[in-house]
Structures are given as structure tokens and as C-alpha cells.
Amino acid sequence: MSLKVVILAAGKGTRMRSQLPKVLQPLAQQPLLQHVVNTASTLDAQQIVTVIGHGAETVQQTIKGEHLEFALQTEQLGTGHAVAQANDFYGENDTVLILYGDVPLTAQSTLKDLLSLVDAHHPLALLTIRLADSSGYGRIVRNQHHQVQAIVEEKDATAEQKSILEVNTGIMAVKGAYLKSWLGKLSSDNAQGELYLTDIIEMCVADGFEIHTTQPGSEIEVLGVNDKKQLQDLERRYQRQQAELLMRSGVTLMDADRVDVRGHIEVGQDVTIDVNVIFEGQVKLGNNVQIGANCIIKESVIADNTIIHAFSHIEDSQIEQACVIGPYARLRPGTELASEAKIGNFVEIKKSKIGFGSKVNHLSYIGDTLMGAHCNIGAGTITCNYDGVNKHLTEIGEGVFVGSDSQLVAPVKLGDGATIGAGSTITKEVPAEELTLSRSKQITLKGWKKPVKKPK
């Protein structure tokens, strides 16, 4: 089967009350339309055509994907008109899957089921769903043999038809030759004065074909988004779904309603996650990882037996086994911690490698640094890596002890086993196994008196 996917994404989304096009509104920190494109990309489609209109240039610049093309709908004349804008992108022998840019969570398995229903004798298949409250949806009208006859939009429906609970999701798969033919016969003679894509159902039946249908596993797969409340409702339902997946994988969540997965997370066994933790991008957690409350973990790998205390922020970092991080630690992009390293409270690490068992425990900044094993970096230490124009490297050997409130002015190198006295500013290479310090002489001024405020 040669598959082409058409995604309708031209609407303005007035009810969003936003300058951002509706299909670019974020769900789990990713545009609604990007979710749809990502799912379509898993179906081995030869081409994915997104029909755009409002904010077209912004949509094109934002959405990425393989085999992705864009078709422009300059006037909003209905769903049938929108699909017709993609006519040049598919051939008569293609199967065309029609999706919607504001319906982001349809499962790959559901779409595969739908596509499997299309063949030479069944050129059209529909994804439908039964809802307890079907108001606002197009109703699926069936005959006495339970065969689909038509889809009737609510504004055109009779009182009897409005009582039907099975509704149209809008998602369908159609053989290209028939789709082109039926689109050419659409009429705008309806309550909306638009070209309804759903009218091709009656045309298919009139041509003597039986329409097969399938339904999604969950309502969440076909929920669309029209305003900020619906967006927030779908976000919470999606996050609850992600939390349930984590728990089914063996993760202990302190509160399943207070964890957000804004990307993809891979977990080992016996992982524990406290409240208000956010995962962004691709994250991997090893066995026995513990994450405290209010942490943000982004694009990082965290190996077995590591403990991340509360209020820590980790981004684009590699954490080896049995490290201890935080509370209130920040690991910026390019941070690599060897096993058993310890990064304490109010410590910031940036683009640095911290060696096996090394410790940076308190109130320090380590940037652009190569640090060996078993170092101890005292409180208030700063690697001065930026001269106002360029960044420079600090090299710290193995077993180095740096006293509190020291500044290491890069480029600089500290030899193995070196000791830096507290309060030093180091600007030159430090020899191995020696004590190096830089201090002004301490003096006491005898007889000095504190100033006294003069009376007015």
C-alpha cells in the first residue's frame, strides 16, 4: 500500500484568543500539530501533507518531519475544500489518511487498524466513537443492517439524529481515485455554507460500497482542542496517562497527578519520583534512581542508584552510578558526572566533567572544567572561565583540595594532589602535591574606633 497522509491545520483558532496559531499551541511542551506529524511519521507514509492557512509561515518554520510537505488553503471554505488543496500530492492508487492538526493523541495502533480496513472493495474507512454526550459532533447514520449511510452535522441533524451517540471523529482513510472524484462533487448547500468532507460518505454508499469503521481504545485519542480550557483539560488527561504508563513500568510516584512528562522517559526498576517533577525531552533513568520533589530533568541520562534531592535542575547531562545531587543544584548542558560524584546545595555545573568520587558540596560554580577523581571543592569556589569574550578551560587533577572562597582564573591547571588555601585567587599553574595560596597579609589596627553618628 502506498500511503499519503493529509493533515488539516489551516484554522485560525479564534477561541484560543492567542496570536499563536491553534495547531502550534503546546501540549506537553510540543505543538499540537507536531504530535500529529510525529505519529504520522511512524506509519511509513511516502508523504505527509499539512494543509495550512492561518499563520502559515510560522507553522512551516516550526513543524519538522521527514517527507513533510505543506499545501496552502487561502480561504477557509470547509474541510472538503481543505483536503482538496492536497489533491496534487496524492495519486489515484494511493491510500490517503486524513488527520487533524488539533487532534494530537491518536494512537499509531488505531490508525493502523483503520488503514487495514481499506482495500479494492472498501475504498473508505472511518474512525468513529460512541460518546455519552454526542452534542457538537457529526452523527453516524446507519441503516437497519448497521451499515453506515451518512454523517450528518449537528446543525443539519433532525431531533432523532441528534439522539445518536456514535459520532464522527473526522479521521478517515480513502483510496485516492475515489477521494479526488468525490471531492469534485461536493456542494456548499448546507447550514454552514461550506464544503463538508463528510458528504463523501453518502457518495461512497451511493456508489455501492460498504463503509467499514473502527473505534479508538480511548476517548483521549480523538479529543480536539478549540480553546485554552480544552487544551488544559487534555494536558491533564495526557499527563495522567503518562503517569499510569510509568506506574505500570514499576515506578513509584508519590502523587500521580503531580508529575509531568513532556517528552519520552525510559525507566529502570525501583525508580521513585516525588511530587512536582517535570521531565522534558529524552530522559533515561536507571535502576533505583530517586528523584526528590520539584525537580526538572531535561534531555539527560541518570544511571543506577543516583539520588537527586529536591529543587534540582538537570539539563543535557550524563550522570553515572551512585551520584548524589542537590538539593538546589543546577547541572547545565555538557555536564558529566562520574560514578559516586557529589554535587551539593546551590552548586552550578556547566560543560564540565567531574571525576569519580569528587565533591562540590556548597555554593560553587564550576564551568568549562575537567576535574579528576577524589577532588574536594570547598564552599564558594568559582572557576572564572569567561574573560568577557572567550571561555577558557580549568584543569583540576586527581585528589585536589580547593579551600573555600577560592577563584580559579582560567586558563589554569592544578596538578594532582594539590591543595589550595582558602580565600585564594589562582591565576597560574599549581604544582602537584603542594600547598598554594594567595592572600593579603592580615593586620589589626590597634586603637581604631567605630564611627559614631553625629547628633543633628
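The values are calculated or read from the model by the stated rules, or taken from the named source; none is laboratory data. Just so it is clear, the model here is predicted, and its values are computed rather than measured. Reconstructed Cβ throughout: ideal geometry from the backbone, glycine too, with neighbour counts over all protein chains shown. For accessibility, only protein heavy atoms count, side chains too; no ligands or nucleic acids. Shrake-Rupley method; radii C 1.70, N 1.55, O 1.52, S 1.80 Å.
Give the residue, chosen from Lys391, Lys456, that is without any contact (Cβ under 8 Å) to a residue 24 or more places away in the chain, open to solvent by 50 Å² or more (accessible area, probe 1.4 Å) and either within 15 Å of Asn376 (Cβ to Cβ) or among the basic types (Lys, Arg) (or both).
Selected residue: Lys456, the only one of Lys391, Lys456 that is without any contact (Cβ under 8 Å) to a residue 24 or more places away in the chain, open to solvent by 50 Å² or more (accessible area, probe 1.4 Å) and either within 15 Å of Asn376 (Cβ to Cβ) or among the basic types (Lys, Arg) (or both).
Scan the stretch 142-161 for residues that are under 38 Å from the mean Cα position of the chain (by Cα) and open to solvent by 30 Å² or more (accessible area, probe 1.4 Å) and jot them down.
Hits for the stretch 142-161 are Glu153, Glu154, Lys155.
Residue check, Thr50 against (1) of a type outside the set (A, V, I, L, M); (2) open to solvent by 40 Å² or more (accessible area, probe 1.4 Å); (3) assigned to a strand (DSSP E or B); (4) touching a Phe, Trp or Tyr at 6+ places or on another chain (Cβ under 8 Å), all met but one. Which one?
Here Thr50 clears every test but (2).
If you take the residues in the stretch 26-36 that are surrounded by fewer than 23 Cβ atoms within 10 Å (Cβ to Cβ) and in contact with a Lys or Arg (Cβ under 8 Å, 6 or more places away or on another chain), which one is nearest to Gln73 (Cα to Cα)?
Gln34
Gly11 fails exactly one of the following numbered conditions: (1) part of a helix (DSSP H, G or I); (2) open to solvent by 30 Å² or more (accessible area, probe 1.4 Å); (3) of a type in the set (Gly, Ala, Ser). What is the number of that condition?
(1)
Determine if the stretch 358-380 includes at least one residue that is over 29 Å from Gly286 (Cβ atoms) and open to solvent by 50 Å² or more (accessible area, probe 1.4 Å).
no
Is the stretch 322-330 home to any residue that is surrounded by fewer than 18 Cβ atoms within 10 Å (Cβ to Cβ), in contact with a His (Cβ under 9 Å, 6 or more places away or on another chain) and either farther than 22 Å from Val259 by Cα or of a type outside the set (Phe, Trp, Tyr) (or both)?
Looking through the stretch 322-330, at least one residue is surrounded by fewer than 18 Cβ atoms within 10 Å (Cβ to Cβ), in contact with a His (Cβ under 9 Å, 6 or more places away or on another chain) and either farther than 22 Å from Val259 by Cα or of a type outside the set (Phe, Trp, Tyr) (or both).
Output the residues belonging to the stretch 419-433 that are part of a loop (DSSP other than H, G, I, E, B) and closer than 13 Å to Gly378 by Cβ.
Within the stretch 419-433, Gly421, Ala422, Gly423, Ser424 meet the criteria.
Could you list, in sequence order, all residues of the stretch 165-191 that are under 16 Å from Tyr137 (Cβ atoms) and either in contact with a Cys (Cβ under 7 Å, 6 or more places away or on another chain) or of a type in the set (Ser, Thr, Tyr) (or both)?
Thr169
Please determine, by comparing only the residues of the stretch 131-172 that are of a type in the set (Val, Ile, Thr) and part of a loop (DSSP other than H, G, I, E, B), which one is nearest to Leu3 (Cα to Cα).
Per the criteria, the residue is Ile164.
Go through the stretch 95-130 and give me each residue that's assigned to a loop (DSSP other than H, G, I, E, B), open to solvent by less than 10 Å² (accessible area, probe 1.4 Å) and within 22 Å of Gly208 (Cβ to Cβ).
Selection gives Pro123 alone.
Would it be correct to say that Thr74 is in contact with a Gly (Cβ under 8 Å, 6 or more places away or on another chain) and open to solvent by 40 Å² or more (accessible area, probe 1.4 Å)?
In short, yes.
Report whether or not Thr79 is β-branched (Val, Ile, Thr), surrounded by fewer than 16 Cβ atoms within 10 Å (Cβ to Cβ) and within 25 Å of Ser181 (Cβ to Cβ).
no
Can you tell me which residues in the stretch 173-198 are open to solvent by 40 Å² or more (accessible area, probe 1.4 Å), in contact with a Leu (Cβ under 9 Å, 6 or more places away or on another chain) and assigned to a helix (DSSP H, G or I)?
Once the filter is applied, which keeps residues that are open to solvent by 40 Å² or more (accessible area, probe 1.4 Å), in contact with a Leu (Cβ under 9 Å, 6 or more places away or on another chain) and assigned to a helix (DSSP H, G or I), the stretch 173-198 yields only Tyr178.
Test each condition in (1) more than 30 Å from Gln19 (Cβ to Cβ); (2) open to solvent by 80 Å² or more (accessible area, probe 1.4 Å) for Arg237 and report the one that comes out false.
(1)
So which of Lys449, Lys413 ends up being free of Cβ contacts under 8 Å to residues at least 24 places away in the same chain, outside any loop (DSSP other than H, G, I, E, B) and open to solvent by 40 Å² or more (accessible area, probe 1.4 Å)?
Lys413
Yes/no per residue for (1) touching a Phe, Trp or Tyr at 6+ places or on another chain (Cβ under 7 Å); (2) buried (at least 18 other Cβ atoms within 10 Å of the Cβ); (3) modelled with pLDDT under 95; (4) outside any strand (DSSP E or B):
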position: Val275; (1), (2), (3), (4): no, no, no, yes
position: Phe279; (1), (2), (3), (4): no, yes, no, no
position: Val283; (1), (2), (3), (4): no, yes, no, no
position: Asn287; (1), (2), (3), (4): no, no, no, yes
position: Ala293; (1), (2), (3), (4): no, no, no, yes
position: Ile297; (1), (2), (3), (4): yes, yes, no, no
position: Ile314; (1), (2), (3), (4): no, yes, no, no
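Please work out if Ile302 is open to solvent by less than 20 Å² (accessible area, probe 1.4 Å) and either of a type in the set (S, T, N, Q) or over 30 Å from Asn168 (Cβ atoms) (or both).
So Ile302 fits the description; yes.
Find all pairs meeting these conditions: Cβ atoms under 6 angstrom apart; at least six residues apart or on different chains; first residue within the stretch 359-370 and aliphatic (A, V, I, L, M) and at pLDDT below 95; second residue outside any strand (DSSP E or B) and open to solvent by 30 Å² or more (accessible area, probe 1.4 Å).
So the pair list comes out empty.
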